[in-house]
1. Scan Ser37, Ser66 and give me the residue that is closer than 28 Å to Ser170 by Cα, modelled with pLDDT of 85 or more, in a strand (DSSP E or B) and out of contact with any Cys (no Cβ under 6 Å at 6 or more places or on another chain).
2. Would you check if Asp59 is in a strand (DSSP E or B) and among the acidic types (Asp, Glu)?
3. Considering only the range 127-151, how many residues are surrounded by 13 or more Cβ atoms within 10 Å (Cβ to Cβ) and over 12 Å from the mean Cα position of the chain (by Cα)?
4. Give Val179, Val161 a once-over and let me know the one that is within 12 Å of the chain's Cα centre (by Cα) and surrounded by 18 or more Cβ atoms within 10 Å (Cβ to Cβ).
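The values are calculated or read from the model by the stated rules, or taken from the named source; none is laboratory data. Worth saying up front: this structure is predicted, and the values here are computed from it rather than measured. Here the Cβ is made from the backbone with ideal geometry for all residues, glycine too, and neighbour counts use every protein chain on show.
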Amino acid sequence: MKRFLFIVTFLFTSLSGQAVFAQDNAESAVTNSFEVSGTSTIHDWTMTSEDVTLTATVDTTENGFSLSELTGTIPVESLKSGKGKMDKNAYEALKKNKFPGITFQLTSPLAFQAGETVATEIDVTIAGNTQKMPIEGTINQESNNLTITGAKTFKMTSFGVEPPSLMFGSIKTGDEITVAYSIQLDTNQ
């Protein structure tokens, strides 16, 4: 069994970003993305983060891989839509002064093979409220990289977040949002 420990700082953008994985004092650049999208009474919207910290432990096994640890934090103020007023309202809705980060953590180890779509649960904390969230992701391997992609749709109100509104409530954000991600783990360390 070969063991890889990744302590990761993710730089997320809507198209691509660069992340540095540290393992055995070696570094390599990989591509990752994180995007939140939703609707409002006037248009659809998207916010991206460029600053997510993630720690993951991946082991190789006889049958593939095992992910035994996955924790991460997304600073609320790193979410950007390109529209200052929208960002400000989102930060207020997420209670960023009291809860400056969105966190997530794998709840149990996950065994997988490249090419599989896997399902697991993570604990997600938004605005101080923690929920167990089932997620799915497709894991592909190209050369020495594992890429995990997926999306999850849920309601903001399930975390006690009131959907933001503007202009005294005449413009309202829909309750349902989708979080899409693509995470690349470099196993060539």
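1. Details: Ser66 fails: closer than 28 Å to Ser170 by Cα.
So the residue among Ser37, Ser66 that is closer than 28 Å to Ser170 by Cα, modelled with pLDDT of 85 or more, in a strand (DSSP E or B) and out of contact with any Cys (no Cβ under 6 Å at 6 or more places or on another chain) is Ser37.
2. Details: in a strand (DSSP E or B): yes; among the acidic types (Asp, Glu): yes.
The answer is yes for Asp59.
3. Number of matching residues: 12.
4. The conditions single out Val179.
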